[in-house]
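Report on the following structure.
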Amino acid sequence: MVLMPFRRSRRQRFETRVQPHLGTMYRFAYRLTERREDAEDLVQDVVVKLYPKLSELETLDRPGTWLNRVLYHHFVDLSRRQAHRSLKFESEFADPENLQPWLETVPDPGFGPDEKLELDRLGTVVRSLLDALPTDHRTLLLLHDVDRWRLEDLSEVLDLPVGTLKSRLHRIRSALRRKLESSVEPSEADQRLVK
């Protein structure tokens, strides 16, 4: 008796190629839209749009980068279509329930109440400065510095040379540093050091 090899359905093949990348796609979509619901909708739109392109997806060596590039272009297309409606996404950094969980991953060195108060004040300033950045600058900075995307992957997804991305990141960080320095008044601890 000859056993026929198991033939996977189209849906199973598609899920096998896309499923491992859904988390990264969602995080990228969230960086672009800054809202959970919009990120979920964006990923869903892209997945539905790509289902008919399974044969193309199966030929790719690095499907994750390609999927994120499609997601980015879909986001840009949607943004352009909705520009006439002046759609503005509300930043979740402003929501007290979502106060930069990525900053909370830093271990607590056991600061006292004064130091904690100062850190909270600094966190508020940093959040407001990040929110004030243009969306594309904030997204690039967070994807690279927080989500740890490689420059090569960002280059492929955003269709920009690595050198351009490096210089943009440098300019964004420098501008953010200058604004942070001018926004933060010397604390009482700083004044004690001067005396």
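Remark: pairs (first residue in region 149-161, more than 15 Å from Phe75 (Cβ to Cβ); second residue in a loop (DSSP other than H, G, I, E, B) and modelled with pLDDT of 90 or more; Cβ separation under 7 Å; 6+ apart in sequence or on different chains) = Ser155/Pro161. For the residues Thr135, Thr139, Thr105, the requirement of being within 18 Å of the chain's Cα centre (by Cα), within 28 Å of Thr65 (Cα to Cα) and at pLDDT below 70 singles out Thr105.
Would you check if Asp145 is within 25 Å of Asn68 (Cα to Cα), open to solvent by 30 Å² or more (accessible area, probe 1.4 Å) and at pLDDT below 90? Explain how you work it out, then say what you get.
On the way: within 25 Å of Asn68 (Cα to Cα): yes; open to solvent by 30 Å² or more (accessible area, probe 1.4 Å): yes; at pLDDT below 90: yes.
The answer is yes for Asp145.
Can you find a residue in region 109-124 that is at pLDDT below 90, surrounded by 12 or more Cβ atoms within 10 Å (Cβ to Cβ) and within 30 Å of Asp77 (Cβ to Cβ)? No, region 109-124 has no match at all.
The values are calculated or read from the model by the stated rules, or taken from the named source; none is laboratory data. Here the structure is a predicted model, which is why all the values come from computation and not from measurement. Cβ atoms come from the backbone with ideal geometry, glycine included; neighbour counts cover every protein chain shown. For accessibility, only protein heavy atoms count, side chains too; no ligands or nucleic acids. Shrake-Rupley method; radii C 1.70, N 1.55, O 1.52, S 1.80 Å.
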